[in-house]
Structure formats: C-alpha cells, structure tokens
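The values are calculated or read from the model by the stated rules, or taken from the named source; none is laboratory data. Note that this is a predicted model, so its numbers are computed, not measured. When the accessible area is computed, the model is the full protein with side chains, heavy atoms only, and any ligands, DNA or RNA have been set aside. Shrake-Rupley method; radii C 1.70, N 1.55, O 1.52, S 1.80 Å.
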Amino acid sequence: AKMVLFEPRSFNEVQDIADHVVNRRSVVINLQRVDTQQARQIIDFMSGTVYAVSGQIKKLGSQTFLCTPENIEISGNITEIMEEADPEQRW
C-alpha cells in the first residue's frame, strides 16, 4: 500500500489528488496553503471521489484530511478542540 501527501496551492490540483485515490492509494491533504473557498471546493470534490470508489474521508486536523479507497480500513477518531478557532475555518 502507498500513501501520498499533498499540499495543494489551488483547486486546479484536485484532479491529480483524486487520481491517486481512484488508483487505490491513500492521500493526506493539507489545506493550509489555499483559501477557505478553494479548500471547501477541494473537500467537496474529494468527497465525491471517495464516494465513487466506496472509500472514506476523515478529518485529521483543522485543515488536514485523509482520503482512502475502499481497500483501506480506517478505525478510530481524532477529536479537535476548537476553542479559539476562527469560525470561517470550522469546516
């Protein structure tokens, strides 16, 4: 199994990220380098991608997500304390 790490700088990179999930690789996406609107678009696109391949998407941190294809099982949860987080970043 292979895991790929991405730090996209724009929505234009989302197709490359999705291709890895379609090719049965897990992907960790760090969205710190994109604005909130593009980050939401990336997560919406990736949610559709993982649904199409019967995979999963899990939030690992405030701007970090794990996308896996169906052949990878994810167990457990990571909780996040959002005491002083900007409401715009709560997605």
Checklist outcome for this item: Stretched fully, the stretch from Lys2 through Thr79 gains (0.36 nm per residue minus C-alpha distance, one decimal, in nm) 25.2 nm
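Pull out the extension gain between Arg24 and Arg40, defined as 0.36 nm times the separation in residues minus the alpha carbon to alpha carbon distance; nm, one decimal.
Taking 0.36 nm per residue and subtracting the Cα distance, the gain is 3.5 nm.
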Checklist entry - Hey, what did the chain get for relative contact order, percent, Cα under 8 Å, at least 6 apart? => result 27 percent
Item to check | Percentage, to the nearest whole number, of Cα pairs in region 12-73 over 18 Å apart | outcome: 25 percent
Checklist entry - Working out 0.36 nm times the residue gap between Ile72 and Arg33, then minus their Cα-Cα distance, what length gain in nm do you get to one decimal? => result 11.3 nm
Next on the checklist: What number comes out for accessible area per residue over region 1-74 if the probe is 1.4 Å? Units Å², please.
Outcome noted: 57 Å²
Checklist entry - To the nearest 10 square angstrom, how much accessible area does Arg33 have with a 1.4 angstrom probe? => result 120 Å²
